[in-house]
Amino acid sequence: MTAALVATAALTVGVGATSASASSPCSHVAVSDKSNGVVETVRTGALAHLEPAGECTDSASIKGLVKLNAWCYTYNYYGNYWVNVGTGRWIYAADYLVLVSGTVNHC
């Protein structure tokens with residue numbers, strides 16, 4: 001069921017091309033609060049990273065069922081969909097997030 005929820009969220013935010021745009025996995029991605037979306041963590045253990053890749057520095061561990069304001073999204077170096085929920089807080093959407101309301105715009 002989690003995969004279906006994430007798939008629905010991805011369709012709702014209107015994600016476009018899946019090409020990666022970063023020059024290296026931990027390249028800085030400029031962010032600002034461009035969206036009115038609210039996302040929720042669907043399970044415990046969501047790690048927020050300083051940049052949108054698993055090997056980048058962790059900045060927080062987030063419990064399950066926590067609602068967060070989504071600032072924007074990007075596709076990382078590997079082509080994976082990540083959502084920014086505040087400065088220094090990127091979360092891998094496919095494993096941990098579902099869109100609750102609003103939309104999430106590209107960074």
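Could you tell me whether segment 64-71 includes any residue that is modelled with pLDDT of 95 or more and touching a Phe, Trp or Tyr at 6+ places or on another chain (Cβ under 9 Å)? No, the conditions are met nowhere in segment 64-71. For segment 72-96, give me each residue that is among the β-branched types (Val, Ile, Thr) and at pLDDT 95 or above. Residues satisfying the conditions are Thr74, Val83, Val85, Ile91.
Each row is one residue, and each column tells you yes or no for (1) touching a residue at least 24 places away in the same chain (Cβ under 8 Å); (2) aliphatic (A, V, I, L, M); (3) crowded, with 18+ Cβ neighbours inside 10 Å.
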residue: Lys63; (1), (2), (3): no, no, no
residue: Lys67; (1), (2), (3): yes, no, no
residue: Asn76; (1), (2), (3): yes, no, yes
residue: Tyr81; (1), (2), (3): yes, no, yes
residue: Val85; (1), (2), (3): yes, yes, yes
residue: Ala94; (1), (2), (3): yes, yes, no
residue: Leu97; (1), (2), (3): yes, yes, yes
residue: Ser101; (1), (2), (3): yes, no, no
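For segment 31-47, the set of residues classified as at pLDDT below 95 and small (Gly, Ala, Ser) consists of Ser32, Gly45, Ala46, listed by residue number. With respect to Leu99, is the statement that it is at pLDDT 95 or above and in a strand (DSSP E or B) true? Considered against the rule, which asks whether it is at pLDDT 95 or above and in a strand (DSSP E or B), Leu99 comes out as yes. Does segment 7-30 include one or more residues that are at pLDDT 90 or above, in a strand (DSSP E or B) and among the β-branched types (Val, Ile, Thr)? The answer is no; no qualifying residue exists. Cβ-Cβ contacts under 7 Å between residues 6 or more apart (or on different chains), taken from a first residue in segment 32-45 that is farther than 19 Å from Thr74 by Cβ to a second residue that is aromatic (Phe, Trp, Tyr), are listed as Val42/Tyr96; Arg43/Tyr96.
The values are calculated or read from the model by the stated rules, or taken from the named source; none is laboratory data. Being a predicted model, the structure only gives us computed values, none of them experimental. Cβ atoms come from the backbone with ideal geometry, glycine included; neighbour counts cover every protein chain shown.
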